[in-house]
Amino acid sequence: MHIDAKQIPDNSVIEGDICIIGAGAAGISMAMEWINTPYNVILLEGGGFDYEAAMQDLYRGKTTGQRYYPLESARLHYFGGTTGHWAGFCSVFDPIDFEKRDWVPHSGWPIKRGDLDQFYVRAQKNLELGPYEWNYEYWRETDPSMVSLPLDPDVAFNKIWQFSPPTRFGEKYRNTIVDARNIYLYTYANVTDITANEHASAIKQVTVKNLAGKQHTVKAKCFIMACCSVQNARMLLASNKQAPKGLGNDNDNVGRYFMEHLEIKSAEMWFPEPDPLKLYSIDYGKTKWRAELAINARMQEKYRILNGTASFTPLEDAKRQPAFIDIWKSSDPKERAKAFGKYDVTKGKSKKGYNAYELFTRIEQAPNPNSRITLDTETDALGVRRAMLHWELTPLEKRSIRTIYEIIGRQLGIADKGRVRLMEYLRDENDTSWPEFTGGGWHHMGTTRMGDDPKTSVVDANCKVHSIANLFVAGSSCYVTAAAPNPTLTLVALTLRLSDHLKKAAGIFT
Amino acid sequence: MERRVFVKLSAFTALALTVPFAESCAHKNEPLALPLLFSHFADKKTIIEAGLAYRKMFEKENSQSALGEALSANNPTMDSDALTSALAKHVKQDFVAGQIVTVDGWILSVTEARQCALFSIINT
């Protein structure tokens, strides 16, 4: 059922069993899990069904530290959320991503990769991916022409990516949600306050507002925040009537450990003979799977580096393409598509291949408490203090990128296949600065990190806010570390796991 | 300088000075100063720049004689093809053993970086 919150009487009280705040990949995945159950689910979406500049402006916010995209351009504020502009890149996290690594400060999840496996299988269906197969050997059998670079399996491996169509949740699942008899989708319902009981040990209700001037109250037994990393932190911090430092923020962790994937041009790879590198290439909209070069866990440990991958673009094409951070400026997805379309380097590749490729890194950011979301003094049109991002990297990211290419360079040398040349910013081991073209993958993670210890985390292993009985967080804000892959597949898997927990173990409804 | 090194370098110098690098077939005549795989995609300027960077990093090796001796060590043959093959083997062994160096951004084996360095001395 769909209700436009602008059209119902002012000060309406909306009641249900579960209130999901946010209708992006996480919120919609969560809601779909509850279709045809005995529970009434309220799904709150701040925007409507399409892009609107005024709605997007609610996401505007200042950034400091490392240069970043305009905040309002990185997330979409309408039904379907950021799946409205995502590119569909999916891969699973590696087991090492969940482990405590003594060379990565603040690493270590309270769950293991195995805890997510069954949920990855289900998440792949939501994202319209292929089979739950992530080994190169499996995929190679489906297409023997996908030949690997010569790699020592003890050093590096082909990490598989599968490509979602990409699934636009707003289009794909709109009817599923709207037609569900027990799902109540409210559009133009921006949460502006989360109200807890006197001791801030449980949530009583949330306040929603819209630009039409209407305000409503939503009451439920259980609340799930699924608004993305920036907005989840913002809402918790801004909801400070019962908890002066913000909800769930007794230990000053909310908003901290904001993470992005560094996505950055890093090196060149030269071959004496042209090679099409078909296994590693992509033609947007056609390619169903491909590989990126990854460093195996043992080598990550040996060299004490972060987890990251390398992908390849013909050098002559890559040199024509400006850095993402210089292209991605508008909050309007159509404008951005136009800007990116001009530089699409995935079409019309030579079958014979190329002698030279650009090596492009996608790497996790080390968890860093100083990389964080806080509240600005400026408020948005609904009176909520805006989010501010301070994006801060550490020397570990840069050393890791350099080391990854030294390892790859060595592998190519051993195989007599070619040579690698580092870009200038990586050559001086003592230089910890970042070039102007440094950018992220528009992947927001952290800010309500998961952990067993409330002193160092915001949610527990089941994504429940530590000190609050009925407040849960769905999405990548719960990530402890960012891994190398794009976050969507894992955040949907984590959401499905939370949904199962709520159904079976949380005791919310008993 | 050992006599055999001197002979090799003198012969190569003459060739390099009289024939443009790309057309010189120099690799057939003077393997000591020509990184084989690297030269298949690196032009003369690139090899020289890599060589200059190596010489700057390792000042003790910044001479024809020092580089020649380092490259000739363990390569007792005077036969050009055999030397080419031996040096290629050394390059691969360097990578296996982690004997690599980053010069002008290039991740090269120490052997081929020395070859670049020698090339740069002879060609500048």
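Brief remarks on what is shown
- Charge tally for A:L471 (other residues, Cβ to Cβ under 12 Å; Lys, Arg +1; Asp, Glu -1): +2.
- Normalised by the number of residues in the stretch A:103-237, the average gap of Cα pairs under 8 Å and 6 or more apart makes the relative contact order 13 percent.
- Prolate/oblate/rounded label for the protein assembly as shown (Cα gyration tensor, a/c 1.5): prolate
- Net +/- balance of residues flanking A:A238 in space, Cβ distance below 11 Å, scoring K and R +1, D and E -1: +1
- If only the Cβ of Lys and Arg carry +1 and only the Cβ of Asp and Glu carry -1, the dipole of the stretch B:55-124 around its Cα centre is close to 140 debye.
- Averaged over the residues of A:408-421, the number of partner chain Cβ atoms lying within 10 Å of the residue Cβ comes to 6.
- Euclidean distance of C-alpha centroids, the stretch B:82-101 and the stretch A:402-457, integer Å: 28 Å
- For the protein assembly as shown, calculated [θ]222 nm from helices alone, where every DSSP H run of n ≥ 4 adds -39500 (n - 2.57): -8500 deg cm²/dmol
- Computed from the Cβ-Cβ distance with R0 of 22 Å, the FRET efficiency linking A:T195 to A:D115 stands at 0.10.
- The value of relative contact order for chain A, using C-alpha pairs under 8 Å at least six residues apart, is 24 percent.
- With Cα atoms defining each centre, the stretch A:122-142 and the stretch A:170-186 are spaced 27 Å apart in the structure.
- In this Cβ point-charge picture (+1 for Lys and Arg, -1 for Asp and Glu), the stretch B:29-75 has a dipole of about 120 debye about its Cα centre.
- Taking a ≥ b ≥ c as the square roots of the eigenvalues of the Cα gyration tensor, the stretch A:291-373 is classed as oblate, since a/c reaches at least 1.5 and a/b does not exceed b/c.
- Placing unit charges on each Cβ (+1 for Lys and Arg, -1 for Asp and Glu) gives the protein assembly as shown a dipole about its Cα centre, and among A:F437, A:I224, A:Y357 the Cα reaching farthest toward its positive end belongs to A:I224.
- Computed about its Cα centre, the charge dipole of the protein assembly as shown is approximately 480 debye, with only Lys, Arg, Asp and Glu carrying charge at their Cβ.
- For the pair the stretch A:205-277 / the stretch A:320-397, the C-alpha centres are spaced 16 Å from each other.
- A DSSP coil position with no more than 14 other Cβ atoms inside 10 Å describes the following trypsin sites (Lys or Arg not before Pro) in the stretch A:430-510: A:K455.
- Shape of the stretch A:170-275 from the C-alpha gyration tensor: oblate (a/c of 1.5 or more and a/b not above b/c, with a ≥ b ≥ c the square roots of its eigenvalues).
- Approximate spin-label separation A:R320-A:E15, in nm, with each point projected 7 Å along Cα-to-Cβ: 6.3 nm
- Where trypsin sites (Lys or Arg not before Pro) fall in DSSP loop in the stretch A:182-251, at most 14 other Cβ within 10 Å: A:K241, A:K245
- Only Cα pairs under 8 Å and 6+ residues apart enter the sum, and on that basis the relative contact order of the stretch A:260-397 stands at 35 percent.
- Of the GluC sites (Glu not before Pro) found in the stretch A:416-510, the ones in coil according to DSSP and having at most 15 other Cβ atoms within 10 Å of their Cβ are A:E429, A:E436.
- Cross-link partners of A:K464 among aspartates and glutamates, defined as those whose alpha carbon lies under 14 angstrom from its own and excluding same-chain residues fewer than eight positions apart: A:D452, A:D453, A:D500.
- Axis of helix A:395-414 versus longest Cα principal axis of chain A: the two differ by about 40°, to the nearest ten degrees.
- FRET E, pair A:Y343, A:R67, Förster distance 22 Å, beta-carbon r, rounded to 0.05: 0.70
- Across A:K62/A:K329; A:K112/A:K302; A:K6/A:K209; A:K125/A:K172; A:K159/A:K349, pairs whose alpha-carbon gap is larger than 18 Å: A:K112/A:K302; A:K159/A:K349
- Charge tally for A:L71 (other residues, Cβ to Cβ under 9 Å; Lys, Arg +1; Asp, Glu -1): +3.
- Percent of Cα-Cα distances greater than 15 Å, calculated over the stretch A:76-177: 73 percent
Every read-out reported here was derived from the displayed coordinates using simple, explicitly stated rules and does not represent laboratory data. What you see is a predicted model, and the numbers here were worked out from it, not measured in a lab. Counting neighbours? That spans all protein chains shown, and the Cβs are built from the backbone with ideal geometry, glycine included.
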